[in-house]
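Below: the structure, in structure tokens.
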Amino acid sequence: MEEGGDVLAFYNRAISDGFEGIIVKDTSLPYEAGKRSAGWAKYKPPRIELDVVILSAKYGQGNRNSVFATFEIGVKNNTEYVSVGHVGTGFSEDDLDTLTRKLKKNVDSVEDGKFNLLPREVLEVSADLVSCDSKGNYGLRFPRCKRIRDDKHASEVDTYDTLISLAWF
């Protein structure tokens, strides 16, 4: 990009060309190949927002070992829910306490530390993009919770068709 150029136009062109984002670097710092640096930042804001249902949960580690901290999330596909990945970021400590209390009432089964849940609780999540693996399964890349949707019922979450329409290939 030329000096004084339009950064947003450059970013949008990079995304259109298939890049996931751009790197912004402090000009006073040297280039260090292959190393992470505090003087660099990735710029790749979330591009997808969906309402999803929580399908399962696991307890966290460390200071989160007493609350559910990782959640399998899904979207509606006809009469069932399909997993689209896991989310564990974007929650406050209060959010995790509240979700743990609510979700414990919805446990359907437990296997190897995974609490399978009745689909009741809805989250609004943002993600970088929708990806598809070699088996044809769609999922969210880097999902993070924006908020707990107490105002929505599980039947109102986004659909699998909506998810596929947002896929970026």
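The values are calculated or read from the model by the stated rules, or taken from the named source; none is laboratory data. For clarity, every value in this text was computed on a predicted model and none was experimentally measured. Glycine gets a Cβ as well: all are built from the backbone with ideal geometry, and neighbour counts include every protein chain shown. SASA here: full protein model, heavy atoms, side chains in, ligands and nucleic acids out. Shrake-Rupley method; radii C 1.70, N 1.55, O 1.52, S 1.80 Å.
Laid out as a table, the results:
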item	result
Where labels lie 7 Å past Cα in the beta-carbon direction, separation of Asp151 and Ala41 in nm	3.0
Helix-only mean residue ellipticity at 222 nm for the chain, each DSSP H run of n ≥ 4 adding -39500 (n - 2.57), per residue, nearest 500	-4500 deg cm²/dmol
Accessible surface, per residue, of the chain when the full set of protein chains is kept, probe 1.4 Å, Å²	62
Carbon/sulfur fraction of accessible area - region 44-123, other protein chains in place, 1.4 Å, %	42
Amide N proximity, region 76-93 versus Ile164 label position 7 Å along Cα-to-Cβ, cut-off under 18 Å	76-85
Highest-MSF residue in the chain out of Gly39, Gly18, Gly88 [GNM, Cα springs under 10 Å]	Gly39
When each of Lys58/Lys105; Lys44/Lys146; Lys76/Lys104; Lys42/Lys135; Lys58/Lys104 is checked by Cα-Cα distance, pairs over 20 Å	Lys76/Lys104; Lys42/Lys135
GNM top mover of Asn106, Asn77, Asn63 - the chain, alpha-carbon springs below 10 Å	Asn63
Charge context of Asp128, other residues only, Cβ under 13 angstrom, K/R +1, D/E -1	+3
